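Bear in mind that the values in this text are calculations on the coordinates, not laboratory data. Everything numeric here is computed off the predicted structure, so don't read it as measured data. Cβ: placed from backbone, ideal geometry, glycine included. Neighbour counts: every protein chain shown.
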Amino acid sequence: MANHTEGPTIGIDLGTTYSLNDQGNRTTPSYVAFTLMQRLVGDATKNQVARNPTNSVFDAKRWIGRRFSDPLVQSDINLWPFKVIEGPSDKPMIVKCFAAEEISSMVLKKMREMAEANLGTTVKNVVVADAGGIACLNVLSIINEPTAAALAYDLEKSGCIVKKNVLIVDVGGGTVDVSLLTIEKGVFEAKAVAGDTHLGGEDFDNRMLKHFVEIFKRQHKVDISGDSRALRRLRTACENAKRILSSAIETTIEVDCLYNGIDFFSTINCAKFAELNMDLFRKCIEPVEKCLADAKIDKSCIHDVVLTGGSSRIPKVQQLLQDFFDGKELCKSINPDEAVAYGAAVQTAILTRRGNEKIQDIILFDVTPLSLGIGTNGQASEEFLVYEGERANSCDNNLLGKFRIPVTPAPRGVAKVIACFDLDIDGILNVSAEEKTTGVKRKITITNDKRRLSKNRIERMVQDAKIYKADDDYHMKKVKAKLGLEDYAYKMKNAVNDENICARLSRTVRKEIKNAVEQAIEWLDGLQLVDSEEHADKLETPQSICDAIIERIYR
Ligand code: AMP
């Protein structure tokens with residue numbers, strides 16, 4: 001546990017569009033702007049965005065872990081007024097050659113400075129609800145946003161006494177995160193998590209922006225899509241209109257001198273906004289379905305659906321969710337903007353052992369976002385490799401670490417190494433292994449910092465697993481066929497060496513079996529993985545020989 005900390009610790013919600021800390025600095029734009037003289041972060045950027053659109057960066061968090069060639073990045077680039085170029089290893093580099101992680105870390109530093117101003121002291125420790133790379137801060141823990149929101153929900157309910165299944169739906173500026181937790185007497189157990197790392201309020205703004213670019217074209221016969229300043233100003237007006245439409249049926253869009261001295265005026269109502277975004281709103285429900293399916297919990301067993309994230313205020317999103325839960329009342333009582341930073345602050349109090357007894361009694365059990373597994377380089381290998389990922393072929397997964405354990409030579413399938421995974425609240429993974437025949441034990445610790453994957457990378461690995469499912473199934477079929485042939489050959493080899501069996505076989509028959517299995521083993525040894533049919537063909541010869549002999553013996 002990371003409790004060796006000095007000085008105060010703050011909770012920060014690093015949002016795509018806005019960030020918050022638990023020290024009273026509420027929604028601060030996650031913007032970084034570069035002027036000739038200085039670098040601006042947060043509120044100070046917003047006032048100059050219209051004058052300096054090409055150097056005002058927003059939405060950087062969406063790009064953490066993505067490649068420049070990623071179609072989602074490419075579609076964003078077409079709409080964003082600031083410049084993005086292809087950096088080394090296909091990494092998108094923003095404005096003055098900053099990586100998305102660097103821009104996010106500037107926002108984090110700003111949040112720290114603001115907290116320091118409030119507290120009147122230096123802050124070195126933070127708990128961040130979802131972040132990429134962070135500079136100069138001791139990050140005690142990174143918890144997912146829905147878990148942080150669940151903490152806030154529980155405190156608001158004064159602690160759930162009876163066990164409850166709670167679904168947290170966080171619809172933010174650039175991501176949708178869903179978590180299913182059971183909460184009982186301060187014990188939070190995450191049952192499943194799901195999400196979409198490229199869906200949220202910014203996408204809804206984009207749809208409205210495209211709509212009004214078209215309207216402007218129709219009204220004035222000019223296309224403003226190449227004018228970054230005009231786009232920036234129209235985007236701001238769209239975001240405002242979107243917010244208003246969460247509590248009004250209709251609103252106006254007015255931008256003075258939008259392009260070449262032409263004023264723009266138009267209206268939009270809830271129905272049009274919903275029509276522009278209906279497919280995206282429906283997509284927000286997909287992680288909900290996935291989360292329930294992963295946890296194997298029926299939607300009727302959910303006690304509370306808790307909304308968080310600014311975009312969860314959109315009435316149509318709420319209605320789709322409510323319909324999905326057969327009309328169930330949604331829990332909207334926690335402030336969607338502040339819940340995550342508040343929950344991160346509770347996590348802070350737990351980790352630093354500060355705060356009242358009620359908080360100290362809270363226990364969080366998170367789920368691993370990716371499957372964990374162990375691989376070897378072969379039957380006799382003493383080296384064990386720990387992976388995370390969903391792909392069938394271990395080399396397509398993320399290698400977390402290695403350990404060695406002496407394995408006693410034994411017939412195939414006899415030596416057994418039992419591995420146990422233990423992931424703690426700080427994301428530190430302990431893998432312990434025991435060789436069952438000798439009782440020899442080994443343990444490795446994999447910390448959260450270097451090898452574990454970022455949230456975006458995790459999401460991409462899960463997507464890759466879906467994309468490559470057919471390839472992976474084919475690979476698994478080959479592996480199973482190879483193992484089947486190996487298994488059969490070694491079983492027969494062991495059998496002809498067994499004294500009891502030997503006594504019942506003539507010399508010629510023993511030789512016949514030995515030859516057949518040795519041929520099969522030789523064929524396997526000198527071979528890469530081949531089609532399962534080839535293995536099946538190869539299995540036919542020893543199997544037909546052995547089957548005939550077995551039949552003869554037992555007739
Ligand atoms: P978050 O990442 O949770 O801070 O959410 C930010 C997103 O929520 C941005 O895209 C905002 O435009 C959006 N948002 C904030 N308030 C509202 C509202 N009242 N109605 C619709 N969207 C909102």
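Summary of values
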| item | result |
| --- | --- |
| Highest-first arrangement of 221-231, 386-396, 499-509, where packing means the average Cβ count within 10 Å | 386-396, 221-231, 499-509 |
| Between the stretch 30-63 and the stretch 184-248, the Cα center-to-center distance that results, in Å | 18 |
| Cα principal axis extents for the stretch 227-274, largest first, Å | 32, 16, 14 |
| In sequence order, calculated HN-Hα J values of the stretch 180-191 (Karplus, 6.51, -1.76, 1.60; Hz; x Gly/Pro) | 10, 10, 9, 10, 8, 6, x, 9, 10, 10, 6, 8 |
| Rg to Rh, two decimals, where the stretch 42-99 supplies the alpha carbon set and Rh follows Kirkwood | 0.98 |
| Net length gained if the chain between Asn497 and Thr35 were fully extended (0.36 nm per residue, minus Cα distance) | 158.2 nm |
| Peptides 68-79, 103-114 ordered by average Cβ neighbours within 10 Å, highest first | 103-114, 68-79 |
| Charge context of Gly389, other residues only, Cβ under 9 angstrom, K/R +1, D/E -1 | -3 |
